[in-house]
Amino acid sequence: MKKVNHLKIFKIILIVFFVFLLFFGLASVIYAENQEQKEDEEVTDNSLVNTLNDGNIKYTEFISENTNKVNIERTIPFDEYNVTKEESNDLSGYSSKYFYLGTKEKYVFNVNVEADGLYVLMFDYYIPSSSIIDTEASMAINSDVQYYELKQLVFQGDWVTDNEEFLTDRYGNEIVPTSSRVDKWYIKKHLVDGSHLNNGPMYIKLSKGANEISLYIKSGEIYIGNLYLTTISDIMSYSDYLNENRSVKTYDGAIITKGAENIYTKSSLDIRIYSLQDKSTTRYNTSKKLLNAIYEQSFKNGNQSITWEIEVPEDAMYSLSFKYLQDAFIDMPVERNIYINGEIPFKELRSYYFYYGKKWQNETLHGDDTYLIHLNKGKNYITLETTLTIFQYVVNEIDRIMDEMNEMSLKIKYLTNGQSDIYRNWNITKHIPELESELLRWADELNNLRDYLKEFSSKSSYSQTFTNLKMASNKLKKLAKDPDQIPNKMTSFTDGSASVSQLLGDLILSFNSGPMGLEKIYITSPNAKLPKAQSNIFVRFFEGVKRFFASFFMKEYSINSAKADELEIWVNRSRQYVEIMQQMVDSAGLKVKFSIMPDENKLILANTSGTLPDVALGISNWLIFNLALRGIVEDLRIYPDYEELINKFSSG
């Protein structure tokens, strides 16, 4: 038997291995070079996204570090800032040149300035009426995202209701109207902070000479015309405003009332009106639902605005009052900027406070005395805009504390391998000696935030709304008593549903809104006596009794009330959902009756009694089997037009 030469076999294997390594190494180099060349050749519209690793500081920190605000008023037309984009000719009604940007497209504006400093950048823009969402963008200046808020900017537009008079359903109840985007160019407008915390224009920092401002459209579409470099002007005080209008007479006529439901324009589709069942409203019916108020939870996000058109009989100084509801923040105010004909007339109307109340209340704009506001004879436009100035500092501080806590949590998990063991003696402070002091520092900072918020409270005590701050602070102090046990208490620190992080996260959600309902606006003389904001107890009781007895005769969206020639459909959805569907089929002239299904199990009972509807919508998937066993479910596949119908829906 021939002896095997092991050395020779080993050499062959070694040679094969090196050849294999050389081949794949060379292939990898070639592939990498090809990819690099391809990336260099392809300039994608997403290139701005790569710069979004910057912007780690908030705007408040950015503006505190940069104070050199340049006083300038300058228009930059298309021919001056443009290098690569072709002029668009899709629209009319705008005298200057403009261009179009769609979703995922980027454009670089070339802007030259004569001095280093802070500038406000504004745009002429047009949002296509077919777009139901505001166009969102991000911005970098010389490839640098200077602060966090530049990652999410919004080209905000206005909306109008489609009908001047409210339509009614088949029962005589008014239906929430649909809205359409205002078809117009917005001239010299700033981009809105998408986080809703910053109100008004924001500065950017430009260097002397040439600057590249990169704008990346994240969603939506936009037409852009002229650019503007400007600065934020100071608003005069009320005393200066009064002095400026000292020759204008003071109004002494009858009270002028405007229902809040008569919106001229609104900045968001989220803002909606509803029926408030109270006899003190401008429009009321005992048995019918009349739209007469702004729903408070729909008018809460920062930078949301509503504008009303109000006509006055003479050029004069008027008093302005609002009937409102603010029951969200106990003992705390929500804020609104108040614009008259597109401008805040004096600085006291910037972030004006509307305080907490369990019921509807009247608020006459005032300081030490009632504010007098100049309105021109004829049509005037009053705008309320949500602002979150009070909570901006708090949200930024909580956000910072949570980031620091999460970093500490990762350090602890790194040392413990993410494990907890109550029978093990951890010695975390040996490796993280600053742990105890950091826990106490965060606790003190949260208490300081409570003290800060207390300054805005209508009472001397702490508001109950911010109990989470106290609870989070106490938890941190408790953890600091024995920091070596934190690995076994991570559910109290950052990980659990009742952890400090969760408590603070819930607070941020609540601080990002300022809900307020509105029912009417009063334009009056300074000493006018307003009607009570709510009907007295006897009127409310009497109206309640009337509605109770009327309910026995109402058959609105009730089951088993369809006519013989109508298709009857039961729907397991809210009333508003059903109202919209009924409106759609009625406007199409179809004989269909929708009913609100109070309990989907009623289908089984209806099958027993022989009162089943023709169709049922919104049924839970677990109930289908029970219905099929009783022969209630129809197989749609037997119908010839099934394929045509099913193709209109997404699979699954």
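The values are calculated or read from the model by the stated rules, or taken from the named source; none is laboratory data. All values reported here derive from a predicted model rather than from experimental measurement. Heads up, the Cβs are rebuilt from the backbone with ideal geometry, glycines too, and the neighbour counts pull from every protein chain shown. With ligands, DNA and RNA removed, areas are computed over all heavy atoms of the protein, side chains included. Shrake-Rupley method; radii C 1.70, N 1.55, O 1.52, S 1.80 Å.
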query: Does region 179-188 contain at least one residue that is within 25 Å of ILE263 (Cα to Cα) and open to solvent by less than 20 Å² (accessible area, probe 1.4 Å)?
result: yes
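Name the single residue, out of those in region 513-537 being among the hydrophobic types (A, V, I, L, M, F, W, C) and modelled with pLDDT of 85 or more, that is nearest to LYS258 (Cα to Cα). Even if it seems obvious, please write down each step before you answer.
Residues of region 513-537 among the hydrophobic types (A, V, I, L, M, F, W, C): 516, 518, 521, 523, 528, 530, 533, 537.
From the residues that got through so far, the ones that are modelled with pLDDT of 85 or more too are 516, 518, 521, 523, 528, 530, 533.
On the way: MET516: 17, LEU518: 11, ILE521: 5, ILE523: 8, ALA528: 16, LEU530: 13, ALA533: 14 Å.
Of everything passing the filter in region 513-537, ILE521 is nearest to LYS258 (Cα to Cα).
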message: Among (1) in contact (Cβ under 8 Å) with a residue 12 or more places away in the chain; (2) in contact with a strand residue (DSSP E or B) (Cβ under 9 Å, 6 or more places away or on another chain); (3) open to solvent by 20 Å² or more (accessible area, probe 1.4 Å), there is one condition GLU261 misses while meeting the rest; what is its number?
response: (3)
query: Do you know which residues across region 615-652 are open to solvent by less than 100 Å² (accessible area, probe 1.4 Å) and either in contact with a Pro (Cβ under 9 Å, 6 or more places away or on another chain) or of a type in the set (D, E, K, R) (or both)?
result: ASP635, ASP641
- line: Conditions (1) at pLDDT 95 or above; (2) aliphatic (A, V, I, L, M); (3) buried (at least 21 other Cβ atoms within 10 Å of the Cβ) -> MET122 fails only (3)
- request: Looking for whichever is part of a helix (DSSP H, G or I), open to solvent by 30 Å² or more (accessible area, probe 1.4 Å) and either closer than 27 Å to LEU372 by Cβ or at pLDDT below 95 (or both) here; the options are SER287, SER239. Which one fits?
  value: SER239
statement: When region 333-346 is checked residue by residue, the ones that are more than 20 Å from ASN198 (Cβ to Cβ) and crowded, with 18+ Cβ neighbours inside 10 Å are ILE340, PRO345, PHE346
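Residues are listed down the side, and each one gets a yes or a no for (1) acidic (Asp, Glu); (2) farther than 29 Å from PHE322 by Cα; (3) open to solvent by 50 Å² or more (accessible area, probe 1.4 Å); (4) out of contact with any helix residue (DSSP H, G or I) (no Cβ under 6 Å at 6 or more places or on another chain):
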position: ALA498; (1), (2), (3), (4): no, yes, yes, yes
position: GLN502; (1), (2), (3), (4): no, yes, yes, yes
position: ILE508; (1), (2), (3), (4): no, no, no, no
position: TYR522; (1), (2), (3), (4): no, no, no, yes
position: ALA550; (1), (2), (3), (4): no, yes, no, yes
task: Taking the options SER129, SER96, name whichever one is in a loop (DSSP other than H, G, I, E, B), small (Gly, Ala, Ser) and touching a Lys or Arg at 6+ places or on another chain (Cβ under 6 Å).
output: SER129
query: Which of (1) touching a residue at least 12 places away in the same chain (Cβ under 8 Å); (2) part of a loop (DSSP other than H, G, I, E, B); (3) of a type in the set (A, V, I, L, M) is the odd one out, the single condition ALA472 does not satisfy?
result: (2)
- line: The residue that is nearest to ASP331 (Cα to Cα), considering only those in region 360-418 that are open to solvent by less than 40 Å² (accessible area, probe 1.4 Å), assigned to a helix (DSSP H, G or I) and of a type outside the set (A, V, I, L, M, F, W, C), is GLN392
field: Within region 578-619, considering residues that are under 12 Å from GLU568 (Cβ atoms) and among the small types (Gly, Ala, Ser), the one modelled with the lowest pLDDT
entry: ALA606
